[in-house]
Amino acid sequence: ELTFEGIKRDIPSVSKRWREDVEFGRQRMNGINPMMIKKYKKMDAFPVTDEMLAGLLPDGETIDSLMQKNKLFFVDYHHFSTMKPPAENHYVVPFALFLSKGSDLLPIAIQLGQDPKEFPVFTPKVDKGLWQLCKWFVCSADAAIHECVIHLLSTHFIMETFYVAAMRSMAPTHPLMQLLKAHFWFTIAIDHSARSSLIIPEGQLPSLFSMGYEGMVDMVGHFTKEFDFDHYVVPKDLERRGVDGMPGNHYAADAKDLWFIIETYVTSMVNDIYESDEDVAGDVELANCFKDIKSRTTWKNMPTAEDGTLKTRNDLIRMVTIIINTVSGRHAADNNGQFDLLGFIPNCPPKMHCAVPKNLETVWSDAELAAILPPYDDAVTQISFFHAVSFPCDDANRLGNYKPSF
């Protein structure tokens with residue numbers, strides 16, 4: 001049991017299974033960052049062969065045969081390639097390959113860099129301590145992109161722009177303003193706190209991850225310029241990544257169901273407010289809101305016209321569904337389980353305190369692994385931080401239940 005200023009929390013249950021390959025795979029599907037896993041395709045940068053995987057694939061199967069059966073999946077963190085972390089930090093841009101077996105996802109290959117000439121492919125056949133170290137490096141990269149991009153940028157900062165633009169352009173009594181307001185409870189305050197105290201050179205968040213402050217700024221800036229709104233549309237995103245119907249991927253199934261529930265709700269609301277496409281196009285406040293956003297961003301595939309305005313009810317339904325789904329269901333998936341997975345450090349040390357392994361024959365003991373985990377003060381910071389950001393609010397509302405004060 002852990003106590004934070006009088007608040008008691010159980011030690012995360014992942015403490016009982018963090019070493020297991022099945023758990024490592026489960027977290028790629030159903031952990032706090034389920035957005036990276038996708039159907040495997042062969043790449044020169046990750047040259048995995050049948051010979052490397054001998055004894056790890058089902059009898060009679062090859063990489064090609066398993067690809068045809070949609071049984072191979074992978075994660076790729078090439079997004080880190082342009083980052084410039086502090087020189088003293090150990091920082092990797094890994095690949096990891098997984099075999100779908102029933103409802104489990106088993107890691108079968110890890111490469112800790114994008115250059116196969118420099119970084120070998122590790123498999124579960126190496127020393128178990130070395131294999132654990134490889135998994136830690138993947139977890140470290142995954143946690144960094146989760147916190148900076150999947151969570152902070154995607155569900156906080158980008159979504160905040162819509163609420164700010166709405167407050168600039170729409171009357172408080174506008175029906176859409178009322179609908180949006182209910183889903184942005186405390187967002188502005190939380191984001192301001194993040195920008196002013198957490199995401200600063202000496203802040204907690206940059207200190208936790210190997211990329212450091214400059215790397216974090218670079219990563220967020222890179223994604224901001226290239227952000228694609230199709231990734232917000234759950235059915236499109238699942239299809240793009242090839243994980244729709246993936247066995248054991250409960251996030252994908254639940255996210256898809258929730259998307260259609262929200263879309264149905266938003267459709268009803270929009271059709272009550274606007275009787276026709278002409279009513280949408282003629283709403284000056286709505287037009288000013290989205291023109292404001294379009295003039296300040298370079299995001300791709302927003303469901304708006306060239307001038308930034310919304311011309312049809314269907315476009316407005318798509319846009320409002322994206323916003324509500326992202327700040328509610330998706331944010332909950334990205335945020336609320338952080339303490340459960342990152343609050344137990346051996347499950348995911350965000351900053352690695354050792355050089356990247358490049359020798360397949362290396363042996364790592366438990367004592368050597370323990371020695372590279374974060375030191376005490378850093379560990380306290382990590383545990384406390386993820387307790388704070390994932391602790392439920394006292395006045396949180398269930399989706400669709402809004403207080404009269406809204």
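The values are calculated or read from the model by the stated rules, or taken from the named source; none is laboratory data. Values in this document were obtained by computation on a predicted structure and should not be read as measured data. Neighbour counts run over all protein chains shown; Cβ positions are idealised from the backbone, glycine included. We work out accessible area using only protein heavy atoms, side chains counted, and drop any ligands, DNA or RNA first. Shrake-Rupley method; radii C 1.70, N 1.55, O 1.52, S 1.80 Å.
With r defined as the distance between the Cβ atoms of K42 and K117 and R0 fixed at 22 Å, what FRET efficiency is calculated, to the nearest 0.05?
Efficiency, rounded to the nearest 0.05: 0.80.
Given Q111, Y77, Y91, which one lies farthest toward the positive end of the charge dipole of the stretch 28-115, if we put +1 on the Cβ of every Lys and Arg and -1 on the Cβ of every Asp and Glu?
The Cα lying farthest towards the positive end belongs to Y77.
Would you list the P(r) distribution for the stretch 216-370, with all Cα-Cα distances sorted into 5 Å bins from 0 and each bin expressed as a whole %?
1, 7, 12, 14, 15, 14, 11, 8, 6, 4, 3, 2, 1, 1
Charges on Cβ only, +1 for Lys and Arg, -1 for Asp and Glu, centred on the Cα centroid of the stretch 1-61; of M43, L56, P12, which one is farthest towards the dipole's positive end?
P12
For the stretch 179-261, which GluC sites (Glu not before Pro) pass both filters: DSSP loop (anything but H, G, I, E, B) and at most 12 other C-beta atoms within 10 Å?
E202
Over all Cα pairs of the chain, how is the pair count split among 10 Å bins, expressed in % and running from 0 up to the last occupied bin?
Distribution as computed: 4, 21, 30, 25, 14, 5, 1 percent.
Around A109, which amide H atoms from residues at least 5 apart in sequence, or from another chain, sit under 5 Å from its own amide H, with H modelled in the peptide plane?
It is L97, by chain and number.
Against the globular-protein guess of 2.2 N^0.38 Å, express the Cα radius of gyration of the stretch 275-354 as a ratio, rounded to two decimals.
Relative to the 2.2 N^0.38 Å estimate, the stretch 275-354 comes out at 1.66.
Hey, can you rank 365-373, 166-174 by average C-beta count inside 10 Å, highest first?
Order by mean packing, descending: 166-174, 365-373.
Given +1 on the Cβ of Lys and Arg, -1 on the Cβ of Asp and Glu, and no further charges, what dipole in debye does the chain carry about its Cα centre, rounded to the nearest 20?
240 debye
Which length gain, in nm to one decimal place, applies between D307 and H231 when the Cα-Cα distance is subtracted from 0.36 nm times their residue separation?
25.2 nm
Which Cα, out of A367, S328, N301, lies furthest along the positive dipole direction of the stretch 277-374 (beta carbon charges, K/R +1, D/E -1)?
A367
Can you list the cysteines of the chain that have no other Cys Cβ under 4.7 Å away?
C134, C148, C289, C354, C393
About its Cα centre, what dipole magnitude does the stretch 243-381 give when the only charges are +1 on Lys and Arg Cβ and -1 on Asp and Glu Cβ, stated in debye to the nearest 20?
Dipole of the stretch 243-381, to the nearest 20 debye: 400 debye.
Quick one: if the Förster radius is 51 Å, what FRET efficiency do I11 and S295 give, using the C-beta to C-beta distance and rounding to 0.05?
With a Förster radius of 51 Å, E is 0.55.
Roughly how many percent of the accessible protein surface of the chain is carbon and sulfur, given a 1.4 Å probe and a whole-percent answer?
53 percent
Return the FRET efficiency for the residue pair A189, E20: r is the Cβ-Cβ distance, R0 is 51 Å, and the value is rounded to the nearest 0.05.
Efficiency computed from Cβ-Cβ geometry: 0.85.
Considering only C-alpha atoms, what is the centroid distance from the stretch 146-196 to the stretch 219-295, in Å?
Result: 15 Å between the Cα centres.
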